[in-house]
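Report on the structure given below.
The values are calculated or read from the model by the stated rules, or taken from the named source; none is laboratory data. Bear in mind that the values here come from a model prediction, so they are computed numbers and not experimental data. Note that each Cβ is placed from the backbone with ideal geometry, even for glycine, and that neighbours are counted across all protein chains shown. Remember, those area values only see protein heavy atoms, side chains included, never the ligands or the DNA or RNA. Shrake-Rupley method; radii C 1.70, N 1.55, O 1.52, S 1.80 Å.
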Amino acid sequence: MADVVLEHLRKKFGDLEAVKDLTLKVEDGRFVCFLGPSGCGKTTTLRMIVGLEKQDRGDIYVGGKLVNDLNPSERDIAMVFQFYAMYPGATVRENLAFPLEQQKLPNEEIRRRVKETAEVLRIDSLLDKVATKLTSGEKQRVAIGRAIIRRPQVYLMDEPLSNLDAGLRAVMRVELKRLQHELKQTMIYVTHDQLEGMTMADKIAVMNEGSVLQYDTPETIYRRPKNLFVAGFVGTPTMNMIGCSLVRSDEDLSLDFAGFKIGLPPNVAKYLTENLSTSELTLGIRPQDIGISEVKTTYDSVEASVDVRELVGDRIIVDARVDGITLQVESDRRLSVEVGQKVWLSIDRERMHIFETKGGTLIV
Ligand SMILES: Nc1ncnc2c1ncn2[C@@H]1O[C@H](COP(=O)(O)OP(=O)(O)OP(=O)(O)O)[C@@H](O)[C@H]1O
Ligand SMILES: [Mg+2]
């Protein structure tokens, strides 16, 4: 078991800075997700950790040991790729045994570990099947098996579920989480699917353009995103982002937009007055944090009209238009509204996020 420490990692490909000064610690036994859009440097970072790519600058420590100059085979790290690597003509048993045979382990030990690994991954009934005859879900399990059978200190997984269908992905998410829990080993898991990150990880590193923007628990990333990018990347439906302005009347400060006038609590007003360098603000509010009702429920509810209504399982998602702005609102399906109907919206003040529009930093 081992922690992984990355210090000021940089990697350039020609003029492109794929990874920019990345510093991060993955604690021993934790499941950490690197989450970010295509091209943000996730794979490059993993390849540097495992030793397939050499960083231009910075240090990598595994279990306290500097591994910068070690070959991949000396780092005791296993990597599982998006496309399962295995010997198609060989059986599952042979595929699992191969990494151990390379290590020249005694036959008895190999037999025992193949059995154990197959049980953990629930592929024991497939051991004598030829790899080409497996379904894609089974193949992915075998590929994961080939990585874990060596019992390395650290596992790196690069979008291992992305070519499975939605149903199987959901099953494998649960299985992988269970597996990591059982093995209690350090895992770094790369994905651009925020749901995968949110459901599996102990901690998530949200990346964009070669940098980590926030590194925290899924709960904190969701509840307290540090900037507009993180706020918009995590959560479905996407957080509503509304340009708004601060309006002062007498002693009070309020946020005004599209008919809403949201009075700010005194401590927030004080903070904004003292710290604000700009008046251009973006209000972020999740669709789950906007109340919707057929009648006016609070004094500051605002009237809106329903543009679109969509049923998603037991939830209903409404696109409500107020004064030229569309807000997405999520409610439970008991809400009976029709397209074109008038509704009343209210915003949960405790759940508002106020960002500086320029730069995107969270203010409150
Ligand atoms: N060997 C290479 N030569 C040149 N450019 C590269 C190389 N590898 C990666 N890049 C570039 O570096 C950037 C980061 O790539 P990387 O593969 O790390 O992204 P990623 O976050 O894994 O994306 P994805 O989600 O699409 O897999 C991209 O712009 C990519 O085109
Ligand atoms: Mg990648």
If you take the residues of the range 21-50 that are of a type in the set (D, E, K, R) and within 11 Å of ligand 1 (Cβ to nearest atom), which of them is farthest from residue 150 (Cα to Cα)? 42
Mind checking which residues of the range 115-133 are among the polar types (S, T, N, Q) and touching a residue at least 24 places away in the same chain (Cβ under 8 Å)? 117, 132
Residue count, the range 25-81 (criterion: among the hydroxyl-bearing types (Ser, Thr, Tyr) and away from ligand 2 (no atom under 12 Å from the Cβ)): 2
So which residues in the range 184-242 are closer than 25 Å to residue 2 by Cβ, open to solvent by 40 Å² or more (accessible area, probe 1.4 Å) and in contact with a Gly (Cβ under 6 Å, 6 or more places away or on another chain)? 184
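One line per residue, one yes/no per condition, for (1) part of a loop (DSSP other than H, G, I, E, B); (2) hydrophobic (A, V, I, L, M, F, W, C):
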site	(1), (2)
284	no, no
300	yes, no
305	no, no
317	no, yes
321	no, no
331	no, no
Quick check: anything in the range 99-120 away from ligand 2 (no atom under 16 Å from the Cβ) and part of a strand (DSSP E or B)? no
Within the range 11-37, the count of residues that are open to solvent by 10 Å² or more (accessible area, probe 1.4 Å) and not in a strand (DSSP E or B) comes to 7
Selected residue (only one of 165, 124, 128, 158 is under 24 Å from residue 37 (Cβ atoms) and either among the basic types (Lys, Arg) or modelled with pLDDT of 90 or more (or both)): 158
Among the residues that make up the range 51-60, is at least one of them away from ligand 1 (no atom under 16 Å from the Cβ) and in contact (Cβ under 8 Å) with a residue 60 or more places away in the chain? no
